[in-house]
Amino acid sequence: MEKKTDFKALPNKAKAQYLWDYYRWPFIITVAIVSFIIYMVYHFVSYRDPLLNVIMINCNDPYSSTADGFNEFLAEYGYDPEVSDISISSTLRFYDGEYSTSYTDYQTLTVMIAAGGQDLFFGTGNMFTDCADQGTLIDLSTVLPAELLEQYQDSLLYSTDGGEVEPYPCAIELTNNSWLKKNNYYDTCYFGIFYQSQNPNTAAQFAEFLLSYDSE
């Protein structure tokens with residue numbers, strides 16, 4: 001009959017090895033569970049809704065673009081960057097020519113728009129114009145000063161909500177905007193505000209900031 005190990009008689013190093021040999025998996029699993037619980041508690045305690053959610057399709061540098069470029073807007077309108085997050089999604093790519101667009105990118109954009117909560121929409125190509133014409137963007141004449149829209153009257157993109165309503169200005173083509181170039185977001189792109197924006201007033205503030213940037 002095998003003699004049972006006298007744990008108390010073992011030296012400290014041997015005790016540690018004994019515990020590791022016989023109890024390592026319960027220990028590892030327990031540590032993993034506790035770490036996950038701590039992470040989730042921290043996540044929910046520290047999480048705050050972004051001030052603006054921004055979708056940028058086909059931007060210049062999709063995997064390195066950050067929201068740092070929006071800090072200038074936050075400062076100008078009195079928002080504290082420490083408590084006012086801007087969230088951007090910049091990795092979606094849509095091709096009009098010979099390249100094939102990922103089905104995942106189609107799905108991702110569709111779900112993001114359908115779920116609501118997105119505020120600003122930047123992009124290029126047919127995907128942007130198709131989304132705009134289907135009524136995903138707000139009528140800019142309802143949120144922006146008439147004189148500001150008049151400055152961009154030759155660059156306005158109109159929507160009919162798929163032929164359901166009279167044309168209304170839903171986006172603006174920006175061909176030489178210094179803010180976009182300064183932050184390497186785009187050289188040329190369309191810009192609009194989602195009609196399901198969670199913060200339409202703040203989105204309109206940003207639109208005025210963006211469209212007035214070169215005249216400041």
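Each value in this text was obtained by applying a stated rule to the coordinates, not by laboratory testing. Computed from a prediction, not measured in an experiment: that's the story for all the values here. Cβ sites come from the backbone with ideal geometry, for glycine too, and all protein chains shown count toward neighbours.
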Against the definition (over 18 Å from Asp119 (Cβ atoms) and out of contact with any Lys or Arg (no Cβ under 6 Å at 6 or more places or on another chain)), how does Gly192 come out, yes or no?
no
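Per-residue answers, yes or no, for (1) closer than 15 Å to Gly162 by Cβ; (2) acidic (Asp, Glu):
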residue	(1), (2)
Gly97	no, no
Thr108	no, no
Ile113	yes, no
Phe121	no, no
Asp130	yes, yes
If you check Leu149 against the conditions, is it surrounded by 13 or more Cβ atoms within 10 Å (Cβ to Cβ) and more than 23 Å from Ile86 (Cβ to Cβ)?
yes
Without any contact (Cβ under 8 Å) to a residue 60 or more places away in the chain, farther than 19 Å from Ser212 by Cα and either among the basic types (Lys, Arg) or outside any strand (DSSP E or B) (or both): does that describe Glu147?
no
Which of the residues spanning the range 152-177 are touching an Asp or Glu at 6+ places or on another chain (Cβ under 7 Å) and loosely packed, with under 13 Cβ neighbours inside 10 Å?
Gly162
Residue list for the range 114-143, restricted to those being assigned to a helix (DSSP H, G or I), touching a strand residue (DSSP E or B) at 6+ places or on another chain (Cβ under 9 Å) and crowded, with 19+ Cβ neighbours inside 10 Å
Phe128, Cys131, Ala132, Asp133, Leu140
Residues that are over 15 Å from the mean Cα position of the chain (by Cα), farther than 18 Å from Asp61 by Cα and of a type outside the set (Gly, Ala, Ser), drawn from the range 100-117
Tyr103, Thr104, Tyr106, Gln107
Being more than 15 Å from Cys189 (Cα to Cα) and part of a strand (DSSP E or B) is the requirement here; does Ile88 meet it?
yes
Any idea which of (1) surrounded by 17 or more Cβ atoms within 10 Å (Cβ to Cβ); (2) touching a residue at least 24 places away in the same chain (Cβ under 8 Å); (3) within 21 Å of Ile113 (Cα to Cα) is the one Gln198 doesn't satisfy?
(1)
